[in-house]
1. Note the per residue figure in Å³ for the convex hull of the C-alpha positions in the stretch 251-329.
2. Please give the calculated 222 nm ellipticity per residue for the chain, where each DSSP H segment of at least 4 residues contributes -39500 (n - 2.57) and the sum is spread over every residue; nearest 500 deg cm²/dmol?
3. Going by Cα centres, the stretch 646-660 and the stretch 257-283 are how many Å apart?
4. Quote the relative contact order of the chain in percent (integer), defining contacts as alpha-carbon pairs under 8 Å separated by 6+ residues.
5. Lysine pairs, Cα distance under 28 Å, 8 or more residues apart or cross-chain: how many in the chain?
6. Using a Debye calculation, one point per C-alpha and no hydration shell, please list log10 I(q)/I(0) for the stretch 293-364 at q = 0.12, 0.23 Å⁻¹ in order.
7. Helix 612-625 versus the longest principal axis of the chain: what angle, 0 to 90°, nearest 10, using Cα atoms?
8. Ranked from the most accessible area to the least, with a 1.4 Å probe and all protein chains present, what is the order of Arg269, Arg698?
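The values are calculated or read from the model by the stated rules, or taken from the named source; none is laboratory data. In this text, all values refer to a predicted model and were calculated from it rather than measured experimentally. Ideal geometry is used to build each Cβ from the backbone, glycine not excepted, and the neighbour counts take in all protein chains shown. Just so you know, the surface numbers come from the protein's heavy atoms only, side chains and all, with ligands and any DNA or RNA stripped out. Shrake-Rupley method; radii C 1.70, N 1.55, O 1.52, S 1.80 Å.
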Amino acid sequence: MRLQASWLRDYVDWNGSVEELAHTLTRLGIEVESVEHVGVTAANIVIGLVLNVEPHPNADRLRVCRVFDGNSLRQIVCGAPNVQQGQRVAVALPGAELPGGLKIEHRSIRGVESEGMICSERELGIGDDHDGIMTFDGNIAPGIPLSELFPPDVVLEIGITPNRADALSHFGIARILAAATGHQAHLPHVRIADAFASPCKIELPYPDLCQRYAARVLQNVTITPSPLWMQRRLERAGIRPRNVVVDVTNYVMLECGQPLHAFDFQTIRGGRIIVRPASQGESITTLDGIERALDPTMLCIADVERPLAIAGVMGGIDSAITEATTHVLIESAYFAPSSIRRTAKSLGLQTDASYRFERGADIEMIPYALDRAAALIAELTGAHVSTAVDVYPHPRRPKELSVRIERAKRILGVGLRSSEVKSALIRSGFALTEERSEQITVRVPSYRTDISQEIDLIEEIAIAHGYEAIPASSEASVPYTAHRIPEHLQLPTRRAEIRRWLADVGFYEALSFTLQDPQTILDAERALELANPLGRERSVLRQWLIPSMVEILSRNARYGASSIRLFEIGKVFFASSDASNHPATEHEHLVLAVAGRRGDRHWLEAHRWVDFYDLKGAIEAMGKRFRLNLHWQPAQSPVATAEWLIAPVMEICCDGHAIGIAGQIAPRLARRWDIPEAAFLAELSLKLFYRTADTVPRYQAPSPYPVVERDLALIVDRLLPAQALVETVHRAGGDLLRSVEPFDVFEHPSLGEGKKSIALHLTFASSERTLTDAEVEQVIERVLDVVARQHGAQLRTL
């Protein structure tokens with residue numbers, strides 16, 4: 001929001017500097033994002049009347065103008081293409097200094113004397129337009145200093161958190177500032193005399209959607225431009241002036257925070273306002289000229305026949321204020337924030353009004369804002385004002401909350417007396433209802449919709465006390481355990497162990513969006529799509545993590561990373577395939593990626609790109625760390641992943657079930673995303689990792705006796721995974737076989753069709769004695785017998 005210092009001072013006696021104002025607001029939780037000095041401060045810049053324009057005798061693109069500056073006639077050479085006789089323009093007289101340091105003086109331009117300069121917006125420092133000179137309304141008298149039309153001011157751009165709807169106006173900020181400085185904030189007094197009976201009737205058939213609706217009708221309204229002082233304030237707030245009626249509604253909204261809307265009353269059929277949900281198939285052309293389809297989830301303002309406006313969002317063009325309007329209905333209402341938020345999101349239409357309504361406006365400000373707007377319009381146009389119609393079916397019950405002095409002291413870590421707590425809350429606008437030595441009870445003002453529990457009051461006490469005045473203290477205690485997180489929402493403890501282990505072995509953690517492009521999903525029938533996405537590229541809940549990791553790999557590669565090892569743990573989502581009570585299921589997955597060089601450049605080591613076995617080794621090591629026996633096999637149906645991973649894609653299996661996939665990124669995809677083709681990814685479910693028992697690994701002491709080593713080359717089926725053969729040999733070898741390591745795979749027609757040879761290195765040892773050759777040979781014979789029966793393996797001989 002753009003906060004104007006001079007406007008703020010209309011409601012609170014603040015005499016401090018702009019720097020002090022910015023510091024105070026920041027201390028109170030209102031972030032000041034920027035400070036901008038606006039208006040005209042230079043002297044000798046006045047409004048001039050162009051009496052005559054003639055071509056320059058020595059230059060085709062220049063004009064010689066005779067200008068009356070309120071005191072005398074001046075000859076000024078001007079190069080602007082839009083200068084015309086009869087215009088009111090900004091004239092910088094000799095002696096003036098424009099923003100940027102340009103000094104104006106008498107000078108000769110191409111042989112013609114020039115006694116000043118006719119200026120553009122940019123030259124004056126009050127706008128960006130430099131295509132032509134700045135012109136003014138014909139009612140402005142020549143000679144008026146430009147500083148009166150554009151008075152100097154300071155605009156502070158402030159950031160308001162979503163919970164502080166009370167700060168979305170100049171009076172709201174004044175109220176906060178007054179509470180902190182001990183001043184009083186006040187709104188202008190409003191008086192409406194000689195009101196006639198209102199011809200309008202209001203119906204609220206859905207009081208849960210519109211809790212209060214008030215209106216006044218104004219007759220004999222003349223639609224003219226609003227006064228210059230009001231236009232300047234609106235422009236500096238970022239709102240373009242329209243006409244006196246629309247400008248007043250915007251002005252009052254910026255003043256007190258209550259959005260208003262003006263209807264041409266003569267377009268309201270039957271003189272009745274009905275606030276209701278739209279009917280299916282209804283539509284409305286809004287003020288921006290776009291026809292919008294409505295549905296029953298959208299609240300609208302209607303007459304007896306049709307919708308007139310989208311409640312709390314935007315009005316309709318059929319009931320808009322035009323130059324022909326003479327009767328005006330001013331609306332001041334309170335709409336359910338959730339309804340306005342849903343409608344604005346559905347239509348993709350956020351306005352200044354919806355921005356305030358969806359955060360929760362002050363329901364008790366409605367009559368004042370209505371009266372203020374009606375009085376201003378009557379004052380500026382001479383209109384007559386009706387009595388107010390205020391429909392408020394269920395008046396708001398004031399909320400009362402209590403704060404315990406000891407709890408406030410414990411949480412803030414400072415000593416607080418009951419009188420200090422009472423004073424802080426009263427200054428912040430809370431009304432005292434009960435005071436005891438250990439507890440204070442207050443009534444929450446209607447504009448503080450963010451205050452709902454005791455901790456909110458403690459925060460107000462901290463702000464009033466001043467965060468900078470609260471010392472660091474070990475006495476402060478925030479009872480986080482007071483509200484235990486439900487067990488099904490708690491993060492698994494094993495999750496943190498996996499993250500730490502991956503970081504220890506050289507992987508860096510990545511984080512990505514939960515939302516993905518629909519083109520990345522695996523199962524379209526079980527996709528979960530957002531009703532109101534920000535864009536198509538973030539419109540569905542992800543079903544796997546690899547697409548997100550590809551984006552992250554691309555970003556790191558483009559930033560110059562040459563050796564990349566990344567992981568992410570995140571949830572994936574699927575619509576339920578059965579008719580259960582849960583419409584969606586979610587599972588936690590792990591994605592790993594290695595790409596580029598195997599390590600950083602080093603003069604002692606030869607350069608090597610990563611390969612599939614770097615990734616496979618990390619996954620197997622993680623399986624061993626968390627006591628899972630992982631297997632690898634070619635994926636049965638890699639069609640869904642074909643766009644992302646090149647064949648062969650491997651499945652990661654455990655206990656006979658596939659828990660993940662791994663493979664190399666598709667070259668076409670790598671080129672498109674600027675990723676090294678030496679990039680390998682794996683994704684696996686963490687369900688089994690979370691279920692493994694947290695047992696302590698059993699220590700096996702090394703044998704004090706010599707080990708015996710043997711090599712075996714076994715001819716097996718070409719499709720048999722080496723891991724399956726290794727496990728069979730391990731089981732058959734018994735206690736004496738300490739390790740089995742495959743070290744060579746050989747394929748040749750001489751082995752037979754569809755065959756390959758796997759060479760294994762076997763290590764034997766005993767903790768009790770030195771093994772004999774006979775014992776080792778006996779174990780080898782048993783191993784050969786078992787692998788022959790289970791895998792059809794034959795010993796390869798020369």
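1. On the way: hull volume 8.0 nm³, N = 79.
Measuring per residue, one finds 101 Å³ for the Cα hull of the stretch 251-329.
2. Details: 20 runs with 200 residues, N = 798.
Calculated at 222 nm, the ellipticity per residue is -7500 deg cm²/dmol.
3. Going from one Cα centre to the other spans 61 Å.
4. Values: 1567 pairs, mean separation 63.0, N = 798.
Relative CO of the chain lands at 8 percent.
5. The result is 13.
6. Cα-only, vacuum Debye calculation for the stretch 293-364: -0.34, -1.08.
7. 80 degrees
8. Details: Arg269 105, Arg698 210 Å².
Ranking Arg269, Arg698 by accessible area, largest first, yields Arg698, Arg269.
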